[in-house]
Amino acid sequence: NAGVTQTPKFRILKIGQSMTLQCAQDMNHNYMYWYRQDPGMGLKLIYYSVGAGITDKGEVPNGYNVSRSTTEDFPLRLELAAPSQTSVYFCASSYSWGRNYGYTFGSGTRLTVV
Amino acid sequence: KQEVTQIPAALSVPEGENLVLNCSFTDSAIYNLQWFRQDPGKGLTSLLLIQSSQREQTSGRLNASLDKSSGRSTLYIAASQPGDSATYLCAVTLSGAGSYQLTFGKGTKLSVIP
């Protein structure tokens, strides 16, 4: 089925380790996003991209990096993992932005930093 | 800064009952409002997208309304079923250049009792 695919689904990291969360979409969407969801809180935007080669910070970008070399892929890099990065991470995409365009979300990556 | 509030935080109803979930937002300058469903350990599934110029949207047993001027939206679920048990999130997209992010509420956790 077409959609947004995230890998891995679960991961445990030790403090100071690094990892990359993978996100791929096959809907030819231009816009892609990374959100994190902490327990009892709303989702918060980490980074977003409006097309290949173009990325920008969202509300909570510290401790993360992104790249967008293709339309399909938007990986999120965690450097020097900290317990505060324990969260569920969601990747999303949309064809465009504005009145008519909704978002499609992946199933999430549950990350624990110990 | 846009803030989205969902009331109640949790709701338990007997099967067959009609119910209403509420969402309010502080900045009425939005492009659209989207209702999502989130099942435990799963991603977000888009239910309804209401453009800022629309008053309501319907999909099956779901009806979402939007009153942009008062900053309110409701999600009406008719004849609730145990399969409707999930967390329901509303999110708005602010209008204006460069405002790409969805701002989410914390959700309403719905339990439908057989």
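Every number here is computed from the coordinates shown, using simple stated rules; none is lab data. The structure presented is a predicted model; accordingly, all values stated were derived computationally and were not measured. We place every Cβ from the backbone using ideal geometry, glycine too, and count neighbours over all the protein chains shown.
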Suppose a student asked you for the relative contact order of chain A, using Cα pairs under 8 Å spaced at least 6 residues apart; what percent would you report?
36 percent
Any idea what the relative contact order of chain B is, in percent, if you count C-alpha pairs under 8 Å spaced at least 6 apart?
37 percent
Return the distance in nm (one decimal) between the two label points of a simple spin-label model at B:Ala9 and A:Thr5, each offset 7 Å from Cα along Cα→Cβ.
3.8 nm
Can you list residues from other chains, or at least 5 along the same chain, whose modelled amide H is less than 5 Å from the amide H of B:Ser85?
B:Val112
Residues with amide H under 5 Å from that of A:Ser107, placed H, sequence gap 5 or more:
A:Gln6
Under the rule of at least 5 residues apart or a separate chain, name every residue whose amide H is placed under 5 Å from the amide H of B:Leu48.
B:Trp35
Sort out for me the Cα centre separation of region A:44-92 from region B:27-81, rounded to whole Å.
27 Å
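Rounded to the nearest 0.05, what FRET efficiency is calculated for A:Thr20 and B:Lys42 with R0 set to 22 Å and r the Cβ-Cβ distance? Don't skip to the answer; put the middle values down first.
Values: r = 22 Å, r/R0 = 1.01.
Computed FRET efficiency for A:Thr20 and B:Lys42 comes out at 0.50.
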Express the relative contact order of region B:1-45 as a whole percentage, based on alpha carbon pairs under 8 Å and six or more residues apart in sequence.
37 percent
What distance in nm separates the simple spin-label points at B:Ser28 and A:Asp73, each placed 7 Å from Cα in the Cβ direction?
4.7 nm
When B:Glu3, A:Glu72 are ranked with the fewest other C-beta atoms within 10 Å first, the list becomes B:Glu3, A:Glu72
Cα convex hull of the protein assembly as shown: mean projected area in nm², to one decimal?
12.2 nm²
